[in-house]
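What follows is a short report on a single structure.
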Amino acid sequence: MSLIRKIVYNKKVNKNACNFTTPSHSQGEFVCPDAEKLLGKKFFECDFSETEGFDNLRAPDGVLKELQYNISKIYTSKNSFILTNGSTSGIIAAMLAVLGQNDEVLVARNCHVSVYNGLVLTGARPVWFLPERDEKWDIFKSVTPEDIERHLKANPLIKAVIITSPTYEGIFSSIPQISEVTRKYGAVLIVDEAHGALCNFARDYTGYAPAIVSGADISVHSLHKTAGAPNPCALLHISKSSKVSAQAVQDALNLITTTSPSYPMMAAIEATVEFLFSDRGRAEIRKLYDMVEDFITKASMIEDVEIYSGFCDKSKILLRMKSLPALAVAKILNEDFKIEEEFSNDNSLLFLTGIGTSKRKFEKLLHALREIAGMEVDSDFVAEKNPITLPQMIYTPREAYFHPSVYVDAEEAVGRICSEVVLPYPPGIPVILPGEIITESSAKFIMTEKIRVAGIDRA
């Protein structure tokens with residue numbers, strides 16, 4: 001490929017160019033001193049707008065069109081789109097492309113908050129369901145075909161299904177089986193595969209074929225999460241068998257995406273995909289999974305350590321210590337060993353790895369776990385349990401978004417209709433959404449003095 005990078009390089013070295021265009025730093029002619037110190041002048045020298053020779057991401061018909069075509073061949077999709085606003089924009093665009101006002105959409109409750117944003121913008125009516133919960137690890141299990149069929153059979157008007165696979169913790173669902181069900185009932189299957197950016201190149205290690213070749217209509221990848229690209233590089237794919245219109249997706253992206261996309265970021269997307277597809281990239285992926293496997297083997301030999309071993313992406317390491325609360329382990333890791341986990345709950349700790357995870361990091365974590373194993377600590381961590389429920393929905397997310405609202409004290413919120421998203425971040429999975437009744441358990445979990453509720457309404 002190297003399409004964008006060649007143009008950027010040629011523009012950069014063309015000292016005779018005289019552009020009276022944005023961006024106003026004029027390819028590094030002036031850079032704020034602190035910004036130059038942080039990013040380096042070369043970044044600004046490569047930062048262009050849609051000048052002569054470049055394409056336009058809103059209506060690509062040149063190098064960007066060719067780039068997206070090349071990416072689609074690598075991912076075996078019908079169409080692929082580069083995203084400079086993260087997987088969030090991909091999820092929202094997918095929803096805008098297939099859903100309209102009051103259309104019903106089946107959504108697994110462990111979805112990312114971007115799905116809520118899409119519900120507000122589309123006006124669609126969510127039908128929520130809870131995947132089964134693994135209480136030992138305090139995580140959601142995979143979505144089953146039976147989950148999907150039960151709801152589609154009961155709600156024949158459902159137009160689309162949105163699930164997350166792999167989940168934040170790396171748990172896969174069986175997309176081939178689920179897609180058989182969605183096709184049977186004529187529903188579009190959208191898979192948030194943001195955390196599975198390496199899946200297309202690591203099937204031998206994950207045992208999981210990417211959603212886009214397994215029956216999903218649309219999938220979205222975050223290249224920055226595991227594949228080494230900078231925030232917030234991402235991709236959206238439409239499968240070859242999908243009836244979703246590429247133009248509908250492009251129109252949706254044009255509604256929500258900046259008209260001034262970052263060309264350095266697009267060049268980074270190009271370079272990342274090209275690298276992952278190369279022999280060197282595959283060698284790096286193999287090296288990563290080998291290091292993870294070696295770490296898991298050695299960590300499992302520590303008597304006090306237990307590693308999650310379900311159907312999951314091994315680039316995510318989920319572990320627990322039998323003798324210590326997970327939150328206490330997290331505190332020790334943070335304060336004594338300067339190791340920061342991705343996320344921890346009462347029962348487990350999550351460590352994300354990716355292209356940039358070095359052997360040194362694995363060794364440091366392994367050493368810390370050996371030191372912590374068997375420790376006796378006075379833990380003062382008594383976390384309020386995340387209420388895993390489906391609150392009663394009075395308004396759709398869109399109706400609630402535009403409904404007048406007021407702030408009340410937290411203790412007065414029980415029984416009121418919520419008007420703001422309540423979620424821990426990470427992982428960005430909502431506890432309660434606008435339009436839903438605030439229960440006593442969810443009110444206890446909300447760590448604020450005030451809660452925004454809908455007007456004077458009380459359910």
Worksheet entry | Boolean, LYS153 is of a type in the set (D, E, K, R), under 13 Å from ALA108 (Cα atoms) and surrounded by fewer than 24 Cβ atoms within 10 Å (Cβ to Cβ) | no
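Would you say ALA160 is modelled with pLDDT of 90 or more and more than 30 Å from GLN247 (Cβ to Cβ)?
Judged against the criteria, ALA160 is not a match.
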Item to complete: Scan the range 394-420 residue by residue and report those that are buried (at least 20 other Cβ atoms within 10 Å of the Cβ) and of a type in the set (A, V, I, L, M).
Response: ALA400, ALA413, ILE417
Item to complete: Those residues that are surrounded by fewer than 23 Cβ atoms within 10 Å (Cβ to Cβ) and closer than 18 Å to SER245 by Cβ, I need them from the range 78-107; list them, please.
Response: LYS78, ASN79, LEU96, GLY100, ASP103
Worksheet item: If the Cβ limit is 6 Å and pairs must be 6+ apart or interchain, which residue in the range 398-419 that is closer than 22 Å to ASP103 by Cβ pairs with which residue that is assigned to a helix (DSSP H, G or I)?
Response: ARG398/VAL120; TYR401/VAL120
Discussion item. Just the residues that are under 12 Å from ALA160 (Cβ atoms), among the aliphatic types (A, V, I, L, M) and either touching a helix residue (DSSP H, G or I) at 6+ places or on another chain (Cβ under 6 Å) or in a helix (DSSP H, G or I) (or both), please, taken from the range 108-126.
Written reply: VAL115, LEU119
Item to complete: Check whether at least one residue in the range 148-157 is touching a Phe, Trp or Tyr at 6+ places or on another chain (Cβ under 9 Å) and part of a strand (DSSP E or B), and report yes or no.
Response: no
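So that you can scan it fast, the table gives a plain yes or no per residue for (1) more than 29 Å from LEU327 (Cα to Cα); (2) small (Gly, Ala, Ser); (3) out of contact with any Ser or Thr (no Cβ under 8 Å at 6 or more places or on another chain):
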| position | (1), (2), (3) |
| --- | --- |
| ASP103 | yes, no, no |
| HIS112 | no, no, no |
| PRO131 | no, no, no |
| ASP134 | no, no, yes |
| LYS153 | yes, no, yes |
| ILE162 | yes, no, yes |
| PRO176 | yes, no, no |
| SER179 | yes, yes, no |
Practice prompt. Confirm whether ILE190 is buried (at least 20 other Cβ atoms within 10 Å of the Cβ), at pLDDT 95 or above and assigned to a strand (DSSP E or B).
Written response: yes
Item to complete: Only one of these is small (Gly, Ala, Ser), farther than 24 Å from SER214 by Cβ, touching a residue at least 12 places away in the same chain (Cβ under 8 Å) and not in a strand (DSSP E or B): ALA267, ALA252, ALA248. Name it.
Response: ALA267
Worksheet item: Can you name the residue in the range 158-170 that is part of a strand (DSSP E or B) and in contact with an Asp or Glu (Cβ under 8 Å, 6 or more places away or on another chain) and, of all such residues, is surrounded by the fewest Cβ atoms within 10 Å (Cβ to Cβ)?
Response: LYS159
Worksheet item: Out of the residues in the range 108-119 that are crowded, with 22+ Cβ neighbours inside 10 Å and of a type in the set (A, V, I, L, M), which is farthest from SER219 (Cα to Cα)?
Response: LEU119
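Only one residue in ILE82, ILE71, ILE92 is under 20 Å from the mean Cα position of the chain (by Cα) and within 26 Å of VAL143 (Cβ to Cβ), so which one is that?
After ruling out the rest, the residue left standing is ILE92.
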Discussion item. Being assigned by TED's automatic domain parsing to the domain that holds SER222 and modelled with pLDDT of 95 or more: is that true of LEU64 here?
Written reply: no
Discussion item. Can you say whether VAL127 is without any contact (Cβ under 8 Å) to a residue 60 or more places away in the chain, over 30 Å from GLU306 (Cβ atoms), surrounded by fewer than 21 Cβ atoms within 10 Å (Cβ to Cβ) and assigned by TED's automatic domain parsing to the domain that holds LEU189, as far as the supplied structure shows?
Written reply: yes
Practice prompt. Specify the residue that is surrounded by the fewest Cβ atoms within 10 Å (Cβ to Cβ); the eligible residues are those in the range 232-249 that are within 20 Å of the chain's Cα centre (by Cα) and not small (Gly, Ala, Ser).
Written response: PRO232
Worksheet item: Of the conditions (1) surrounded by fewer than 22 Cβ atoms within 10 Å (Cβ to Cβ); (2) more than 27 Å from ILE163 (Cβ to Cβ); (3) not basic (Lys, Arg), PHE295 fails just one. Which one is it?
Response: (1)
Item to complete: Inspect all residues belonging to the range 331-338 and state whether any of them is among the basic types (Lys, Arg), part of a helix (DSSP H, G or I), over 25 Å from the mean Cα position of the chain (by Cα) and at pLDDT 95 or above.
Response: no
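The values are calculated or read from the model by the stated rules, or taken from the named source; none is laboratory data. All figures in this text were calculated on a predicted structure; none of them were measured in a lab. Quick reminder, even Gly has a Cβ in these numbers, built from the backbone with ideal geometry, and neighbours come from all protein chains shown.
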